[in-house]
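Engineer: Here you go, one structure.
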Amino acid sequence: QVQLVESGGGLVQPGGSLRLSCAASGTIFRFTTMGWYRQAPGKQREWVASITITGGGTNYADSVKGRFTVSWDNAKNTMYLQMNSLKPEDTAVYYCNKVSFYLPWGQGTQVTVSS
């Protein structure tokens, strides 16, 4: 069973940047689409961005388009989320997973955007 471990969160001021990592143990098949999700306090988990491992096609939620970039490192079996121009409304716990037939959810990584 593949396990997912998110890291890289922290406290950052508005306008700042962070890079999140999602390390996958085990085999992620080439045609899998992986996604980043986030859950803010009192809200449902929402999809943020996704990438297809083969081909590298990406998609983004409108709220992060132009500010976030998702990428995949095949050698490291790791997905990244580069987050720039962060806003207070980006504050959430960030998770990674497949976009269908979910794997067990990891513990997530907290991102707090505040001055």
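Engineer: Using only Cα atoms, locate the centre of segment 82-110 and the centre of segment 40-70, then give the distance between them in Å, rounded to an integer.
Structural biologist: What the calculation gives is 9 Å, centre to centre.
Engineer: How much area per residue is accessible in the chain when the probe is 1.4 Å and only protein heavy atoms are counted (Å²)?
Structural biologist: That works out to 54 Å² per residue.
Engineer: Sequence gap of 8 or more, or different chains, plus Cα separation below 22 Å: how many lysine pairs satisfy both in the chain?
Structural biologist: Going through the chain pair by pair, I get 6.
Engineer: Something else now. Can you tell me the order of 4-17, 82-95 when each peptide is scored by its average per-residue count of other Cβ atoms within 10 angstrom, highest first?
Structural biologist: Going from most to least packed, we get 82-95, 4-17.
Engineer: Sequence gap at least 6, Cα distance under 8 Å: using those rules, report the relative contact order of the chain to the nearest whole percent.
Structural biologist: Answer for the chain is 37 percent.
Engineer: Can you compute the FRET efficiency between Arg67 and Val5 using 1/(1 + (r/R0)^6), with r the Cβ-Cβ distance and R0 = 25 Å? Round to the nearest 0.05.
Structural biologist: After rounding to 0.05, the efficiency reads 0.55.
Engineer: Tell me, what HN-Hα J-couplings in whole Hz come from the Karplus equation 6.51 cos²θ - 1.76 cosθ + 1.60 at θ = phi - 60° for each residue of segment 41-54, using x for Gly and Pro?
Structural biologist: Each residue of segment 41-54 in turn: x, x, 10, 6, 5, 10, 6, 10, 7, 8, 9, 8, 4, 8 Hz.
Engineer: Calculate what fraction, in whole %, of the accessible area of the chain sits on carbon and sulfur atoms when a 1.4 Å probe is rolled over the protein chains.
Structural biologist: Carbon and sulfur together cover 50 percent of it.
Engineer: From the alpha carbon gyration tensor of the chain, can you work out the equivalent ellipsoid semi-axes (sqrt of 5 times each eigenvalue) and give them in Å, largest to smallest?
Structural biologist: They are 23, 14, 13 Å, listed from largest to smallest.
The values are calculated or read from the model by the stated rules, or taken from the named source; none is laboratory data. Quantities reported herein were computed from a predicted structural model and do not represent experimental measurements. Positions of Cβ are backbone-derived with ideal geometry, glycine not excepted, and every protein chain shown enters the neighbour counts. Calculation scope for accessible area: heavy atoms of the full protein, side chains included, ligands and nucleic acids excluded. Shrake-Rupley method; radii C 1.70, N 1.55, O 1.52, S 1.80 Å.
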